[in-house]
Structures are given as structure tokens and as C-alpha cells.
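In what follows, a single structure is set out as C-alpha cells and then discussed.
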Amino acid sequence: MRVIQPWIGRAQVEAELAEVVAEVSGEPLVSVRYFVLNGEDWPEGYRVDRVHEVDMAVQLVLANSVVTLSWAMDGANEGLAIELSGRDAPNAGPSGDMVAVGERMEWVGLLGRSIVSVTPAWHVPNEGCSDMPWAFRMDFSNGSSVVIALGESEGSEITYMPDSLVAIFDEDVADAYRIPASSTSSYGN
């Protein structure tokens, strides 16, 4: 199992991220799971047009691997962590309830496709902190992408929240989601 914490430094995050992408290259997406607070129902209150709010983590189950994206905090450090584990490894994911979402309209077109690249969006969460990823755009072999970012949906808006995630399936929405601590959108532009 490999965990890329957001506070290890930009160069190291980029290097380890490239290794993760190389390791999962060609593996088709088999299913998708969200981890939500115990007893919470998803999607009630968590789904806006082309945006899913996820409490704790997004888990992409590939043919041989599992990629888990989760929010991570350590004092003033806040960012997005990625964990890569083998599909056979005991990987219960974070605490909370697991909800299978791979058959949802937004994910179904990505099933059977492989991740070809992952582009981080960087921010400086607090004064004195280094650059840390707050969003990852995952590009798939069919030309589609999904952005997993720190945030929550409030009505039709997405707002920054370091202990919640959003999955954004619309490029325009992802490009419009910007936070003051970042020079780029969640899409990476």
C-alpha cells in the first residue's frame, strides 16, 4: 500500500503521483465507492447537477488496484491524499458507510476505461504552509474526466471545505470552481 500525503512537498507528490499513474495504466475501472458518515443516506442532500458531495473518500476500484482519494489534515496542513493498494489487500477504506455509486449516470461512462493521467490543482492552505494538492483531475482513456476536490455543494455553488469532497463531472463547473488559496481552478487551469 502506498499513501501520498499532501504535505510531503510538491516535487515528491508529483513524482509519486506519476508512479501511481504508471502502476495503474491500462487497468479498467470496475466500480466506484463513496465513503459517507455512518447512518447518512447518499445521495439525499449530496447531489447537485453533475456534482456529487462526498463526506470522506472516493474509492476507484480498478482491475488489480484500488485508488482512494480522501481529505487529509495535519494541523494547518489541509489537502487531498491518494492511497494506492492492491485489489486483494485488506482495504476497508476510511471509517464510515461505503456506498456503491459506479452505476450512477455520471460514473457509468467511465466503467471499463482506464486512468491515463492525473493533474493536481495546488493551493497554499495557510500562511507558512507549502503547496498542497486540493483537487485532482483524473483523465480517462475515453477522453472523459472527473475532478475530485476539497469542497461541498451549497445549492448550485461549490464552496471550499477542507473536510469534505466533491466529485465534479462537468469541465465548465470544475473550471469555474476556484478558491482564494489557489492560482488555478479545480480543473487545473
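One table, with the values for the structure above:
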quantity	calculated
Extreme residue, modelled with the highest pLDDT, among residues of segment 80-90 that are surrounded by fewer than 18 Cβ atoms within 10 Å (Cβ to Cβ) and among the small types (G, A, S)	S85
Failed criterion for S182 (all others in (1) more than 17 Å from N77 (Cβ to Cβ); (2) crowded, with 17+ Cβ neighbours inside 10 Å; (3) more than 15 Å from the chain's Cα centre (by Cα); (4) of a type in the set (S, T, Y) hold)	(1)
Check on I158, modelled with pLDDT under 95, buried (at least 21 other Cβ atoms within 10 Å of the Cβ) and in a strand (DSSP E or B)	yes
Criterion: in a loop (DSSP other than H, G, I, E, B) and under 25 Å from N142 (Cα atoms) - qualifying residue of L69, L60, L110	L110
Pair list, Cβ under 6 Å, 6 or more apart: segment 55-83 residue in contact (Cβ under 8 Å) with a residue 60 or more places away in the chain, other residue surrounded by fewer than 19 Cβ atoms within 10 Å (Cβ to Cβ) and of a type in the set (D, E, K, R)	W71/D163
Residue selected from segment 22-40 under the condition of a type outside the set (D, E, K, R) and buried (at least 18 other Cβ atoms within 10 Å of the Cβ), by the criterion nearest to S117 (Cα to Cα)	V24
Candidate set: segment 26-54, residues that are touching a Phe, Trp or Tyr at 6+ places or on another chain (Cβ under 7 Å) and modelled with pLDDT under 90; chosen: the one farthest from G86 (Cα to Cα)	R50
Selection count where residues are touching a Lys or Arg at 6+ places or on another chain (Cβ under 9 Å) and in a strand (DSSP E or B), scope segment 114-148	13
Given (1) modelled with pLDDT under 95; (2) assigned to a strand (DSSP E or B); (3) small (G, A, S), number of the condition G93 does not satisfy	(2)
Failed condition for M1, given (1) surrounded by 12 or more Cβ atoms within 10 Å (Cβ to Cβ); (2) at pLDDT below 95; (3) hydrophobic (A, V, I, L, M, F, W, C)	(1)
Selection from segment 133-156 of residues that are more than 11 Å from the chain's Cα centre (by Cα) and either of a type outside the set (S, T, Y) or closer than 18 Å to I4 by Cβ (or both)	D139, F140, N142, G143, E152, E154, G155
Residue that is farthest from P162 (Cα to Cα) [pool: residues in segment 96-107 that are part of a strand (DSSP E or B) and not charged (D, E, K, R)]	A100
Residues (over 16 Å from the mean Cα position of the chain (by Cα) and more than 18 Å from Q12 (Cβ to Cβ)) located in segment 109-132	G109, L111, G112, R113, N126, E127, G128
Long-range neighbours under 8 Å by Cβ, at least six apart or interchain, first residue on the phi > 0 side of the Ramachandran plot within segment 178-189, second surrounded by 16 or more Cβ atoms within 10 Å (Cβ to Cβ)	G188/T119; G188/P120; G188/A121; G188/A135; G188/R137
Residue in segment 4-13 that is closer than 18 Å to F169 by Cα and either of a type in the set (A, V, I, L, M, F, W, C) or at pLDDT below 95 (or both) present	no
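The values are calculated or read from the model by the stated rules, or taken from the named source; none is laboratory data. These numbers come from a predicted model, not from an experiment. Note that we place each Cβ from the backbone using ideal geometry, even for glycine, and neighbour counts take in every protein chain shown.
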